[in-house]
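The values are calculated or read from the model by the stated rules, or taken from the named source; none is laboratory data. Owing to the predicted nature of the structure, the values given are computational and were not obtained by experimental measurement. With ideal geometry, Cβ positions are generated from the backbone for all residues, glycine too; neighbour counts draw on all protein chains shown. Accessible surface areas use protein heavy atoms only, side chains included; no ligands, DNA or RNA. Shrake-Rupley method; radii C 1.70, N 1.55, O 1.52, S 1.80 Å.
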Amino acid sequence: MPEDTTSLRPRPVIDALSQPFWDGMAGGELVIQRCVDCGYYVHPPYPECTSCRGSTLTFEAVSGRGAIFERSIISSPVVVGFEDAIPYACVVVELEEQDELLVAGRFEGPDPSAAVVGTPVEAVFRAEPDGFQLVQFAPVSKVPG
Ligand SMILES: [Zn+2]
């Protein structure tokens, strides 16, 4: 029986700037930094707006819906702690709120090859074995209406 290494999975380094993002995730919401002056979403969090350079930023929940922008299928044990998950896909998702608003996560599903660029996905929140909650992206299963 292979050794359980899931407790060795890396965790993000959380600082004051990114704290609201991680707090949102812990509560099952995708919370993205947004400029109060021009409305532009900024991710990852940054001290100033990357569009207008305004310095008044807040955090706002977004839909979690988007489309796969890029993907990578991991088929060998390159990250400690994820040996049991191989093969899996890491995806970068462009959220529907704004062009080039990109968030990374794991693709949820038994077949990582289903993580095709352009596939509509939605955020789902899954607790890791140690309870730390992370966003994953699952294919949108239902056609609206
Ligand atoms: Zn701005």
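Here are the numbers for this structure:
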quantity: Any hit, the stretch 89-108, residues being in contact with an Asp or Glu (Cβ under 6 Å, 6 or more places away or on another chain), within 16 Å of the ligand (Cβ to nearest atom) and not β-branched (Val, Ile, Thr); calculated: no
quantity: Count of residues meeting criterion [surrounded by fewer than 16 Cβ atoms within 10 Å (Cβ to Cβ), of a type in the set (A, V, I, L, M) and either more than 16 Å from the ligand (Cβ to nearest atom) or not in a loop (DSSP other than H, G, I, E, B) (or both)] in the stretch 18-40; calculated: 1
quantity: Cβ pairs under 7 Å, 6+ apart, first in the stretch 56-80 and on the phi > 0 side of the Ramachandran plot, second surrounded by fewer than 13 Cβ atoms within 10 Å (Cβ to Cβ) and not basic (Lys, Arg); calculated: none
quantity: Which numbered condition Glu83 misses (of (1) open to solvent by 60 Å² or more (accessible area, probe 1.4 Å); (2) without any contact (Cβ under 8 Å) to a residue 12 or more places away in the chain); calculated: (2)
quantity: Enumeration of residues in the stretch 41-70 that are crowded, with 17+ Cβ neighbours inside 10 Å, within 10 Å of the ligand (Cβ to nearest atom) and either more than 13 Å from Leu102 (Cβ to Cβ) or of a type outside the set (Val, Ile, Thr) (or both); calculated: Tyr41, Cys49, Leu57
